[in-house]
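K.L.:
Okay, here's the structure, questions in a sec.
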Amino acid sequence: MAEQQKQYITPETKAKLEAELQALIDHRPVVAAEINERREEGDLKENAGYDAAREMQDQEEARIKQISEVLANSTTERTAVQEGVAHIGSVVHVYYNGDEEDRETFLIGTRAAASDNKDLETYSEQSPLGAALLGAAEGETREYTAPNGKTLSVTVVSAAPYDSAKAATPRKS
């Protein structure tokens with residue numbers, strides 16, 4: 001079985017996820033006590049309080065599992081990310097189909113990667129656009145097939161390692 005490639009997330013996002021995970025784990029005894037308290041009220045078939053506590057427990061356990069999987073399958077390492085080349089963890093400024101006015105700035109990585117910057121769009125490296133750009137240098141044009149079946153061209157204006165403070169600001173040409 002092939003090893004799954006780790007997804008890039010920012011250190012800020014990792015810290016937020018770890019804090020949320022710890023808060024959920026710390027909350028487990030409170031939810032368990034609530035379930036036990038509601039169970040003692042009697043008939044479980046018509047006990048809305050018990051049902052609500054169990055539902056809360058299910059939701060929190062699902063979130064614990066989700067966060068644990070994200071953290072286990074992600075990295076904050078950007079050793080391969082270099083200035084001027086689009087990689088996972090790069091903020092890329094591009095234009096489409098030769099129209100320098102049709103510009104976009106985004107991060108190549110997972111949606112969770114830049115959750116500390118709500119204004120920065122994120123494209124997976126497995127998306128058609130993300131996959132086409134991996135390894136592209138500044139000034140390079142690549143083609144990809146969009147989900148609607150159209151072939152588009154995209155030109156890299158700049159690419160730089162993700163930095164929370166600078167991510168949404170295009171570099172001056």
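No lab work stands behind these numbers, since they all come straight from the coordinates. The model shown is predicted, which means the values in this text are computed figures rather than measured ones. Backbone-built Cβ (ideal geometry, glycine too); neighbour counts: all protein chains shown.
K.L.:
For the stretch 7-75, what does the relative contact order come out to in percent, with C-alpha contacts under 8 Å and a separation of six or more?
P.N.:
After rounding, I find 52 percent.
K.L.:
Give me log10 I(q)/I(0) at q = 0.12, 0.18 Å⁻¹ for the stretch 85-161, Debye formula, one equal scatterer per alpha-carbon, no solvent.
P.N.:
-0.28, -0.64
K.L.:
Dividing the Cα radius of gyration by the Kirkwood radius, what Rg/Rh value follows for the stretch 7-75?
P.N.:
Using only Cα positions, Rg/Rh for the stretch 7-75 is 1.16.
K.L.:
A follow-up question, please. Amide H of GLY84 versus every other amide H placed in the peptide plane: which residues, excluding those fewer than 5 positions away on the same chain, fall under 5 Å?
P.N.:
ALA159, ALA160
K.L.:
If we sort 60-70, 122-132, 37-47, 6-16 on the protection proxy, mean other Cβ atoms within 10 Å, highest first, what's the order?
P.N.:
Going by the mean number of other Cβ atoms within 10 Å, highest first, we get 6-16, 122-132, 60-70, 37-47.
K.L.:
Convert each backbone phi in the stretch 48-54 into a coupling constant with the Karplus relation 6.51 cos²θ - 1.76 cosθ + 1.60 (shift: θ = phi - 60°), then list the ³J(HN,Hα) values in order as whole Hz, x for Gly and Pro.
P.N.:
3J(HN,Hα) across the stretch 48-54, in whole Hz: 4, x, 5, 4, 5, 5, 5.
K.L.:
Sticking with this structure for a sec: Can you work out the Karplus-derived ³J(HN,Hα) for every residue in the stretch 61-75? Use 6.51 cos²θ - 1.76 cosθ + 1.60 with θ = phi - 60°, whole Hz, and x for glycine or proline.
P.N.:
Working through the residues one at a time gives 5, 5, 5, 4, 5, 4, 5, 4, 5, 4, 5, 5, 10, 10, 9 Hz.
K.L.:
A further question on this structure: Taking θ as phi - 60°, what are the ³J(HN,Hα) couplings along the stretch 118-129 by the Karplus curve (6.51, -1.76, 1.60), each to the nearest whole Hz, with x for Gly and Pro?
P.N.:
Working through the residues one at a time gives 5, 7, 9, 5, 10, 10, 5, 5, 8, 6, x, 5 Hz.
K.L.:
What is the distance, in nm, between label points placed 7 Å from the Cα along the Cα-to-Cβ direction at ASP58 and at ASN36?
P.N.:
In this crude label model, ASP58 to ASN36 measures out at 2.3 nm.
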